[in-house]
Amino acid sequence: MANLITVARFPLLIIVVFALYSGSPAVQLIAVPLMGLLIAMDTVDGVVARRRREVSALGSVLDIMADRATELVMWICYADLRLIPVAIPIIYVLRGTVVDSLRGFRAGAGQAPFSAMRTKVGIWLVKSPFMRTSYGASKLVSFTGLALTRALGTYAADGVVAQDTARLCLLIFFITSWVSVAFCLARGIPVVIEALPWLDEPKSSS
């Protein structure tokens, strides 16, 4: 069940993208609650997995896959729509490529990606409820806020909403987007640091 919820995030993501690129501000507004649902499902699948005892390496990999797809697609779309600078998706692409490649070593050995952390600081930054919740909240606020900004910008262009309102909204969620980037880097750097020692370990010959 948990994995089905995770996989269901992919078609929902496509729907959100289509809504954002619609020429109708009313349709663009639909992306706001759908974006919230998309982010909320990331929490729901984890809760379901723990309650139904479905926690597995596969589930962890699928969860990271869905998270990464959502992050990259949304940041790229928002940059394409000129709501954020292109630097943000570039940072996410670089961070995701490096971190996920390193986690792949552990996943290939049958170990859940998040379980590879060993130091207290690394565990807290990557796995603690505070960091995971804060990071998730920053993405929820940023993604839904930028979707709202997209709709308000279209309404403002039509003279329905004041331009100052649209600009203020853009400024607020521009800032929250960089806060999300900070959390992203804070949770990715420990993975790289702790991976360095075992990357140099010689492989056992078969």
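The values are calculated or read from the model by the stated rules, or taken from the named source; none is laboratory data. None of these values were measured; they are calculated from a predicted model. Counting neighbours? That spans all protein chains shown, and the Cβs are built from the backbone with ideal geometry, glycine included.
In this structure, is residue 134 surrounded by fewer than 20 Cβ atoms within 10 Å (Cβ to Cβ), under 27 Å from residue 31 (Cβ atoms) and either at pLDDT 90 or above or in contact with an Asp or Glu (Cβ under 8 Å, 6 or more places away or on another chain) (or both)? Yes; evaluated as a whole, the condition is true for this residue. Annotation: of all residues in the stretch 86-131 being of a type in the set (Ser, Thr, Tyr) and not in a helix (DSSP H, G or I), the one that is modelled with the highest pLDDT is 128.
Within the option set 47, 61, being of a type in the set (A, V, I, L, M, F, W, C), surrounded by fewer than 14 Cβ atoms within 10 Å (Cβ to Cβ) and at pLDDT below 85 holds for one residue only, 47.
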